[in-house]
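Colleague: This is the structure I have questions about; it appears just below.
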Amino acid sequence: MNTVAFDFSHLIEKLVMEAVRTVGITDGFNADVKPADPRFGDFQANGILPYAKAQKRNPRELATAVLEALKKNPLVADGSITVEIAGPGFINFKLQPKVLSAWLDDYGSMAALEKESSKLLGGQNIVVDYSSPNTAKQMHVGHIRSTVIGEAICRLLAFCGANVIRDNHIGDWGTQFGMLILAIKTEKADLGKIEGDAIAELERLYKKGSAMAKDNESDLERARQELVKLQNGDPENMALWENINAISYRSFDEIYERLGVHFDKVLGESFYRDKVDEVYGELTESGLAQMSDGALVVFHEEHPRFNTQPFIIRKSDGASNYATTDLATVLYRVREFHPSQIIYLTDARQSDHFEQLFLTVKKWFEKKNISMPWLRHVTFGTILGEDGKAIKTRSGESVKLKDLLSEGVERAFRIISEKNPDLPESDRRQIAEVIGVNAIRYADLMQNRSSDYLFSWDKLLSFEGNTAPYLLYAVARIYSIFRKVNAVPAVAWKAAAPLETEQELALARKLIEFPVALSQSLQDLRPHFLCSYLYELSGVFSTFYNQDKVNVEDLAVRTKRLSLCAGTLLVLKTGLNVLGIPVLERM
């Protein structure tokens, strides 16, 4: 049985809320507990100052009263936690070494971390819709954000106890297929005998069909007819469509395998093409949808923008669109998976679409008395090149994702070869694959996802600073410590000496912040909080390792310091795994 709290920020919040009730505060108070400046303590409760100002009370006097109430708590009374007032009304909490040791002893295994973390979401069904490339096109650099942020969020949710359904909502239906089939038939292309890069050839054919339709009205009409034939189930066009998708899926899977990404469902837009009539019927019958200029639309008159900007669910030519498919998708997911949340990963430019979608679903489900899950649109910014604009090739085209990953691996191989020229080439290649791919991944994840960021090879492949190579090297260095002492990484605190040195205490205090970083990342689905924590932990460990010799003669001290190393290794590996980054035992 665990003897100390897993997340001390939650425990301290509970202590503060009990104390404020003791002094007569019953509502309107937020403890606002955060990790403190290490010079003053481990956690700080910041809620008294804003509450006192709002109530026109003296914050210092109120803090003093709360402090006296806190002193009656057994954890404070027995000295496990010390408490003091700072500034005009902040309260600092400091955990004593015996408490830090107990936390490491209780949670120093993967089983313990997983057990406690899984309580955060407790088995909720959550659908995550991410990556979502279009068939017949190569994945480009723009897909990296949705793919790696989406995968990290899936892993975060799963680690925190959710039953995650990963759904790749691929764009495999629509007007582009008319143009593509037009080009295939014009060139008499045999999709089964494409030499070289098949997905690149499909992309070339699509561009040709698009240009033909743009330049010639008769070709445009031919493309429309090919699309109509496809939509009506014409055997020839259906066979072409299936081949196009098969080629596309193979191309996507090569990239997903390289990134360590997998999906539970790959339900593209085509999956819902026989489900849109129900959407039209229900929205019309419920009075939500109306005809406007020949199209079926939903107005949201209460909304300051959407009252005159309709949500078009069937175009004037009778065709469905993204809105139709997305409405059908929500209904299917609710019926099939019974989710508590459905999360969509796209760039911020699609915010209006999803806001209208969620408003429409809310009204629709209320009328049909359908329990509505929490619909969340998780947005992200743009990757910028050195010119401050969206990253492109020198010719002005989108950077192909497979080319970006391959370049990262080759650059990493050159760096590893310079650092370790005596390593066998096969080892250097293996290390370079992990570093190159995941340096790109981490460079994306460590950013606040809402922000644009500047892509820099020099920064993301550096072994200094907040980068994947730096974190991976920290892990490899800890493995090397255990190889030198011929031991297996494990926390064994019961046989260890008490925490004493400044560096030991600082590292232990940083380790207990892991649950806080996990909760921060989970709250707004922002992996960069976890990235920042892992980087800070690596820095604190480096200071500890440089100051406090691990392999000392005193068995109890050696056990203590090896336990700190093992705890750091466990948290680093766990955090990196949540981010989707495999570790290396040697570099």
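Colleague: Could you tell me what percent of the accessible area of the chain is made up of carbon and sulfur, with a 1.4 Å probe and every protein chain present? All intermediate terms of the calculation are to be shown ahead of the outcome.
Modeller: Working: 13000 of 26950 Å².
Here it works out to 48 percent.
Colleague: Further question: Taking all protein chains together and a probe of 1.4 Å, list LEU555, LEU522 from the most accessible to the least accessible. Show your work: numbers first, answer last.
Modeller: Working: LEU555 110, LEU522 25 Å².
In descending accessible area the options line up as LEU555, LEU522.
Colleague: Let me ask something else. Between the alpha-carbon centers of region 376-444 and region 90-164, tell me the distance in whole angstrom.
Modeller: Centre-to-centre (Cα) distance: 24 Å.
Colleague: Tell me, what is the per residue accessible area of region 48-180 in Å², probe radius 1.4 Å? Show your work: numbers first, answer last.
Modeller: On the way: 4780 Å² over 133 residues.
Result: 36 Å² of accessible area for each residue.
Colleague: If Lys and Arg each add +1 and Asp and Glu each add -1, what is the summed charge of the other residues whose beta carbon sits under 12 Å from the beta carbon of SER406? Intermediate values should be presented prior to the final figure.
Modeller: Details: positive: ARG258, LYS400, LYS402, ARG411; negative: GLU254, ASP403, GLU407, GLU410, GLU433.
Value of the local net charge: -1.
Colleague: Per residue, how many Å² of accessible area does region 377-480 show with a 1.4 Å probe? Present the calculation step by step, with values, prior to reporting the outcome.
Modeller: On the way: 4930 Å² over 104 residues.
It amounts to 47 Å² per residue over region 377-480.
Colleague: Would you list the P(r) distribution for region 471-514, with all Cα-Cα distances sorted into 10 Å bins from 0 and each bin expressed as a whole %?
Modeller: Spelled out per bin, shortest first, that is 22, 46, 33.
Colleague: With a Cα-only, solvent-free Debye model of region 197-236, what are the log10 I(q)/I(0) values at q = 0.19 Å⁻¹?
Modeller: Taking Cα atoms of region 197-236 as identical point scatterers yields -0.64.
Colleague: Per residue, how big is the convex hull of region 403-471 when only Cα atoms are used? Give it in Å³. All intermediate terms of the calculation are to be shown ahead of the outcome.
Modeller: Working: hull volume 5.4 nm³, N = 69.
Cα-based convex hull of region 403-471, divided per residue, equals 78 Å³.
Colleague: Next up: Could you tell me, in Å, what Rg and Dmax come out for the Cα atoms of region 356-418?
Modeller: 21.7, 66
Colleague: Additional query: Considering only the other residues whose Cβ falls under 12 Å of the Cβ of SER417, what net charge follows from Lys and Arg at +1 and Asp and Glu at -1?
Modeller: On the way: positive: ARG411, ARG414, LYS419, ARG428, ARG429; negative: GLU410, GLU418, ASP422, GLU425, ASP427.
With Lys, Arg at +1 and Asp, Glu at -1, the neighbours total 0.
Colleague: While we're on this one: Over region 348-475, one equal point on each Cα, no solvent: what is log10 I(q)/I(0) by the Debye formula at q = 0.15, 0.19 Å⁻¹?
Modeller: Reported log10 I(q)/I(0), two decimals: -0.80, -1.05.
Colleague: Now for a separate question. Sorting LYS510, LYS573, LYS207 by accessible area (1.4 Å probe), largest first, what list results? If you can, show how the numbers build up before the last one.
Modeller: Values: LYS510 30, LYS573 75, LYS207 105 Å².
Ranked list, largest accessible area first: LYS207, LYS573, LYS510.
Colleague: What angle, in degrees between 0 and 90 and rounded to the nearest 10, separates the Cα long axis of helix 555-579 from the longest principal axis of the Cα atoms of the chain?
Modeller: 20 degrees
Colleague: Once you have the alpha carbon radius of gyration of region 78-219, what is it after dividing by 2.2 N^0.38 Å, with N set to its residue count? Spell out each step's value before the answer.
Modeller: Working: Rg = 27.6 Å, N = 142, 2.2 N^0.38 = 14.5 Å.
Against the compact-globule rule of thumb, the ratio is 1.91.
Colleague: Express in Å², to the nearest 10, the accessible area of TYR535 obtained by rolling a 1.4 Å probe over the protein heavy atoms while all chains stay in place.
Modeller: Result for TYR535: roughly 80 Å² accessible.
Colleague: In degrees between 0 and 90, to the nearest 10, how far off the longest principal axis of the chain does helix 502-511 point, with axes built from Cα atoms?
Modeller: Taking the Cα atoms of the chain, the angle to 502-511 is about 40 degrees.
Colleague: Need the list of aspartates and glutamates near LYS549 for cross-linking: C-alpha distance under 16 angstrom, and skip anything on the same chain fewer than eight residues off.
Modeller: Straight-distance partners of LYS549: GLU500, GLU502, GLU504.
Colleague: How large, in Å, is region 1-120 by the Kirkwood hydrodynamic radius built from its alpha-carbon pairs? Working shown, then result.
Modeller: Details: mean 1/r = 0.0664 Å⁻¹.
So the Kirkwood estimate lands at 15.1 Å.
Colleague: Let me ask something else about it. Against the longest alpha carbon principal axis of the chain, how many degrees, from 0 to 90 and to the nearest 10, is the axis of helix 514-524 turned?
Modeller: Taking Cα atoms only, the helix is inclined about 30 degrees.
Colleague: Would you tally the net charge around LYS14, using a Cβ to Cβ cut-off of less than 14 Å, leaving LYS14 out, and scoring K and R as +1, D and E as -1? Provide the component values of the computation, followed by the final result.
Modeller: Numbers: positive: ARG21; negative: ASP7, GLU13, GLU18, ASP32.
After counting each charged neighbour, the total is -3.
The values are calculated or read from the model by the stated rules, or taken from the named source; none is laboratory data. Bear in mind that the values here come from a model prediction, so they are computed numbers and not experimental data. Note that each Cβ is placed from the backbone with ideal geometry, even for glycine, and that neighbours are counted across all protein chains shown. Note: accessible area is taken over every heavy atom of the protein model, side chains too, but ligands, DNA and RNA are not part of it. Shrake-Rupley method; radii C 1.70, N 1.55, O 1.52, S 1.80 Å.
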